[in-house]
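For reference, the structure discussed in these notes is given below.
The values are calculated or read from the model by the stated rules, or taken from the named source; none is laboratory data. Keep in mind that this is a model prediction, so the values were computed, not measured. Counting neighbours? That spans all protein chains shown, and the Cβs are built from the backbone with ideal geometry, glycine included.
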């Protein structure tokens with residue numbers, strides 16, 4: 001967080017260990033562009049930022065609740081022991097109370113795992129074998145295979161929809177980059193050219209039933 005940025009009052013309040021129960025002695029904040037994650041030692045709370053972007057809209061409390069419920073629904077399929085439930089946050093933004101109604105905001109409650117268990121750190125420590133990666137690939141592949149495909153008559157996964165999403169992201173980022181700077185226009189042209197080049201392959205994937213409701217990012221920091 002830069003020197004000019006301020007912490008949201010809700011997050012500032014929830015950094016107080018006393019708001020998380022008598023066994024919590026410290027709270028650590030991990031921030032992404034769309035979420036705040038509060039680590040308490042045993043439980044992690046993910047609170048969605050009230051932002052609106054081309055690919056998501058967290059601008060209302062009701063929308064944040066729905067996205068929290070969807071995150072639980074989708075991720076419990078692979079990790080039910082991690083993704084626990086949706087937490088109602090009552091009280092006020094300056095004086096919040098967890099598991100309180102009426103709620104003004106919501107959080108995804110997860111079981112916190114040790115930071116040394118993250119895959120990137122296990123790889124750095126030399127604790128991951130080729131057999132582990134093969135097992136992981138088979139697990140993810142089997143999970144994908146048993147999921148139903150997106151409806152054939154929906155726009156999901158079509159070349160047109162993918163290019164439209166890319167164009168929205170480009171328009172959003174262009175507002176933050178001076179037009180005279182070359183890199184953004186270069187990226188813009190390159191991505192649209194690739195969209196045209198890959199149009200046939202993307203539509204073939206849709207027709208083959210490869211577009212599915214799977215999971216979020218797969219990366220080593222998990």
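Report yes if residue 103 is in a strand (DSSP E or B) and either surrounded by 14 or more Cβ atoms within 10 Å (Cβ to Cβ) or touching a residue at least 40 places away in the same chain (Cβ under 8 Å) (or both), otherwise no. No, not satisfied.
Residue 97 meets all of the listed conditions (1) under 30 Å from residue 168 (Cα atoms); (2) at pLDDT 95 or above; (3) in contact with a strand residue (DSSP E or B) (Cβ under 9 Å, 6 or more places away or on another chain) but one, namely (1).
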